[in-house]
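Engineer: Handing you a structure now.
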Amino acid sequence: MKILNVELGDRSYPIYIGSDLLEDKKILANHIKTQTICIVSNTTVSRLYLENIKNLLDDYQVVEAIIDDGEEFKNYDSLNHIYTKLLENQCNRDTTILALGGGVVGDIAGYAAASFLRGIPFIQIPTSLLAQVDSSVGGKTGINHLLGKNMIGAFYQPKAVVIDLNVLNTLDKRQISAGLAEVIKYGLIWDKDFFEFLENNIDNLKQLDFEYLEQVIYRSCEIKAKVVSEDEKESGIRAILNLGHTFGHAIENCLGYGEWLHGEAVACGMVLAAKMSLAQGWLSEYEFNRVKNLITKANLPTEKPNIAYEDFIGAMKLDKKNKNKEIYLVLQKGIGQAIVTNKYLSNALDDVIKS
Ligand SMILES: NC(=O)c1ccc[n+]([C@@H]2O[C@H](COP(=O)([O-])OP(=O)(O)OC[C@H]3O[C@@H](n4cnc5c(N)ncnc54)[C@H](O)[C@@H]3O)[C@@H](O)[C@H]2O)c1
Ligand SMILES: [Zn+2]
């Protein structure tokens with residue numbers, strides 16, 4: 001097992017990464033200071049892992065709040081279902097919320113914890129690769145509104161994150177690839193050697209070789225933790241974690257959420273961002289091809305779906321990074337470095353969107 005600390009002063013917390021962690025009662029017990037636990041999960045993940053988790057918690061009073069599975073249920077109704085379960089069971093501040101699931105469950109459970117009684121403790125047990133390398137770390141919590149994704153939320157840090165690799169055995173391959181998109185992102189924005197490591201070991205990762213996966217999840221969380229501890233509330237550098245996301249969100253938005261997985265849209269978005277960086281002269285042809293090849297090998301899309309220019313640019317204008325109606329993009333400066341900028345050749349953006 002590896003342990004990584006997210007440094008945020010008195011809100012610092014550990015991330016445990018390894019196999020069989022959900023067999024070990026002590027890990028959770030070390031971070032639960034309350035009598036009652038409310039496990040928040042969804043219908044799919046609870047069927048697979050709820051009993052296992054409950055076995056670890058026989059010293060506590062356990063309440064369950066199970067929501068439907070899917071991004072479309074990351075909404076107020078599901079959040080309200082969690083509040084109702086908490087209130088029906090007389091939960092008070094002596095309650096810890098335990099999020100058991102992918103990013104949807106983690107985000108909504110985290111927001112329930114941030115808002116119930118103005119804040120109760122919570123712990124993340126992320127079960128999708130995307131949640132393990134990205135959404136469970138960093139404290140962004142929230143729900144979607146009909147008029148926009150992740151529009152209601154709070155920055156609220158967990159007390160601990162427990163990443164057990166074993167749960168990945170039940171995750172389908174398409175979801176594994178979607179998680180790998182965010183992993184590749186960390187190489188692109190922060191660490192050239194890590195990118196090269198991914199190039200050399202992508203097949204092992206796709207086959208869920210735990211030795212490689214553990215290293216890769218650790219390094220991904222380490223990079224995210226470093227960026228978050230420098231800029232918790234995204235007033236600056238944290239925005240580089242959005243590489244590929246301005247394009248990716250536009251793809252998700254224009255195709256309709258759920259058509260492409262988030263990681264797939266981000267993967268394609270990273271290729272579009274790399275194309276722009278190539279046009280700027282910030283990425284060589286050779287580097288551009290490396291980016292595209294790795295994304296292809298991870299079984300992720302590299303070609304933009306057919307979307308009308310006006311719709312695509314309209315969706316990009318909704319991005320949270322934008323200021324004064326200008327589109328800010330995260331672009332590559334070589335492999336391993338990224339910048340957030342509105343200073344790029346605007347015809348290069350048009351070319352990329354029309355390609
Ligand atoms: N908070 C953040 O910083 C942050 C960062 C990135 C993404 N997100 C959010 O995360 C969400 C996407 O997360 P996701 O990709 O995990 O999606 P998800 O939560 O919908 O999970 C994907 C699918 O995998 C299933 N699943 C999860 N774990 C499983 C397992 N071990 N075995 C079998 N099935 C399993 C889920 O039930 C679901 O059907 C989005 O809502 C996004 O906005 C948040
Ligand atoms: Zn993402």
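Values quoted throughout were computed directly from the atomic coordinates according to the rules given, and no laboratory measurement underlies them. Here the structure is a predicted model, which is why all the values come from computation and not from measurement. No Cβ is skipped: glycine too gets one built from the backbone with ideal geometry, and neighbour counts run over all protein chains shown.
Engineer: Please verify whether residue 100 is within 9 Å of the chain's Cα centre (by Cα) and not basic (Lys, Arg), treating the condition exactly as stated. Show your work before the answer.
Structural biologist: Working: within 9 Å of the chain's Cα centre (by Cα): no; not basic (Lys, Arg): yes.
No; evaluated as a whole, the condition is false for this residue.
Engineer: In the range 265-294, what residues are touching a Leu at 6+ places or on another chain (Cβ under 9 Å) and of a type in the set (Phe, Trp, Tyr)?
Structural biologist: 282, 288, listed by residue number.
Engineer: Okay, next question. Given the residues 183, 162, which is the only one that is away from ligand 2 (no atom under 16 Å from the Cβ) and buried (at least 23 other Cβ atoms within 10 Å of the Cβ)?
Structural biologist: Details: 183 fails: away from ligand 2 (no atom under 16 Å from the Cβ).
Step by step, each of 183, 162 is checked, and only 162 is away from ligand 2 (no atom under 16 Å from the Cβ) and buried (at least 23 other Cβ atoms within 10 Å of the Cβ).
Engineer: Note down all Cβ pairs under 6 Å where the first residue falls in the range 1-28 and is without any contact (Cβ under 8 Å) to a residue 24 or more places away in the chain and closer than 26 Å to residue 212 by Cβ, the second is of a type in the set (Gly, Ala, Ser) and in a strand (DSSP E or B), and they're at least six residues apart or on different chains.
Structural biologist: Within 6 Å, the pairs are 1/18.
Engineer: Could I ask something else about it? Taking residue 76, is it more than 22 Å from the chain's Cα centre (by Cα), over 22 Å from residue 133 (Cα atoms) and in contact (Cβ under 8 Å) with a residue 24 or more places away in the chain?
Structural biologist: Taking the combined requirement at face value, the residue does not satisfy it.
Engineer: Considering 163, 176, which residue is free of Cβ contacts under 8 Å to residues at least 60 places away in the same chain and either within 18 Å of residue 215 (Cα to Cα) or of a type in the set (Lys, Arg) (or both)?
Structural biologist: Step by step, each of 163, 176 is checked, and only 176 is free of Cβ contacts under 8 Å to residues at least 60 places away in the same chain and either within 18 Å of residue 215 (Cα to Cα) or of a type in the set (Lys, Arg) (or both).
Engineer: Kindly establish whether residue 329 is within 16 Å of ligand 1 (Cβ to nearest atom), within 28 Å of residue 174 (Cα to Cα) and in contact (Cβ under 8 Å) with a residue 24 or more places away in the chain.
Structural biologist: No: the conditions fail for residue 329.
Engineer: Within the range 12-53, count every residue that is surrounded by 15 or more Cβ atoms within 10 Å (Cβ to Cβ) and outside any loop (DSSP other than H, G, I, E, B).
Structural biologist: 24
Engineer: If you don't mind, another one. For the range 121-170, give me each residue that is under 15 Å from the mean Cα position of the chain (by Cα), polar (S, T, N, Q) and more than 8 Å from ligand 1 (Cβ to nearest atom).
Structural biologist: The answer is 124, 132, 157.
Engineer: If a residue has to be out of contact with any strand residue (DSSP E or B) (no Cβ under 8 Å at 6 or more places or on another chain), of a type outside the set (Val, Ile, Thr) and touching a residue at least 40 places away in the same chain (Cβ under 8 Å) to count, how many in the range 309-326 make the cut?
Structural biologist: Looking only at that region, the number is 6.
Engineer: Only one of 124, 215, 207 is away from ligand 2 (no atom under 15 Å from the Cβ), under 28 Å from residue 33 (Cβ atoms) and of a type in the set (S, T, N, Q); which?
Structural biologist: When all the criteria are applied, what remains is 124.
Engineer: Out of (1) under 21 Å from residue 178 (Cβ atoms); (2) loosely packed, with under 15 Cβ neighbours inside 10 Å, what's the single condition that is false for residue 245?
Structural biologist: Condition (2) is where residue 245 drops out.
Engineer: Is it true that residue 292 is loosely packed, with under 13 Cβ neighbours inside 10 Å and farther than 16 Å from residue 241 by Cα?
Structural biologist: Spelling it out, it is not the case that residue 292 is loosely packed, with under 13 Cβ neighbours inside 10 Å and farther than 16 Å from residue 241 by Cα.
Engineer: Within the range 236-286, how many residues are touching a residue at least 12 places away in the same chain (Cβ under 8 Å), in contact with a strand residue (DSSP E or B) (Cβ under 9 Å, 6 or more places away or on another chain) and away from ligand 1 (no atom under 16 Å from the Cβ)?
Structural biologist: 7
Engineer: Which of the residues that make up the range 34-43 are touching a residue at least 40 places away in the same chain (Cβ under 8 Å) and in contact with an Asp or Glu (Cβ under 9 Å, 6 or more places away or on another chain)?
Structural biologist: To start, the set of residues in the range 34-43 that are touching a residue at least 40 places away in the same chain (Cβ under 8 Å) comprises 34-42.
Residues satisfying the conditions are 34, 35, 36, 38, 39, 40, 41, 42.
Engineer: Let me ask you something else. Condition check: more than 16 Å from ligand 2 (Cβ to nearest atom) and of a type in the set (Lys, Arg). Does residue 85 satisfy that?
Structural biologist: So residue 85 passes the test.
Engineer: Among 43, 95, 84, 34, which is the only one that is β-branched (Val, Ile, Thr), in contact with a helix residue (DSSP H, G or I) (Cβ under 9 Å, 6 or more places away or on another chain) and at negative phi?
Structural biologist: Testing whether each residue is β-branched (Val, Ile, Thr), in contact with a helix residue (DSSP H, G or I) (Cβ under 9 Å, 6 or more places away or on another chain) and at negative phi leaves just 95.
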